[in-house]
1. Give me a comma-separated list of calculated 3J(HN,Hα) values for the stretch 52-68, in order, Karplus coefficients 6.51, -1.76, 1.60 applied at θ = phi - 60°, integers in Hz, x for any Gly or Pro.
2. Under a crude label model (7 Å from the Cα following the beta-carbon direction), how far is K26 from E42 in nanometres?
3. Can you compute 3J(HN,Hα) from phi for each residue in the stretch 35-40, using the Karplus curve 6.51 cos²θ - 1.76 cosθ + 1.60 with θ = phi - 60°, rounded to whole Hz and x for Gly and Pro?
4. For the stretch 3-18, just list the computed ³J(HN,Hα) in residue order, Karplus coefficients 6.51, -1.76 and 1.60, θ = phi - 60°, integers in Hz, with x standing in for Gly and Pro.
5. From Cα coordinates alone, what are the radius of gyration and Dmax values for the chain in angstrom?
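Computed from the coordinates by the stated procedures, all read-outs in this text should not be read as laboratory data. On a predicted model such as this, the values are computed, not experimentally measured, just so you know. Please note: Cβ atoms are built from the backbone with ideal geometry, for glycine as well, and neighbour counts cover all protein chains shown.
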Amino acid sequence: MKVTFDKAHGKYKKGYQTIEFDPPYKRYVGDAADFAKILRGEKESDFSPQHDLAVQKAVLQASALPLA
């Protein structure tokens, strides 16, 4: 995973870096590739913005967090 931090966090330095997972974590590789296609305009999203909002609201509610 490639990340960037505005300041150091424990063993992670400030700035850009690659974080390796051991063993390699591959569960969401396909999801990330699909999302990249959407961002590049190569395909439409499989879900509407209304669906995404409903999912996020459900996660917040299930976590007993405020919606606003």
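1. Taking θ as phi minus 60°, the curve returns 4, 5, 4, 5, 5, 4, 5, 5, 4, 5, 5, 8, 6, 9, x, 7, 10 Hz for the stretch 52-68.
2. It is 1.9 nm.
3. Result, rounded to whole Hz: 4, 4, 4, 5, 5, 7.
4. With coefficients 6.51, -1.76 and 1.60, one gets 9, 9, 10, 7, 8, 5, 9, x, 7, 9, 7, 5, x, 7, 6, 10 Hz.
5. 16.4, 39
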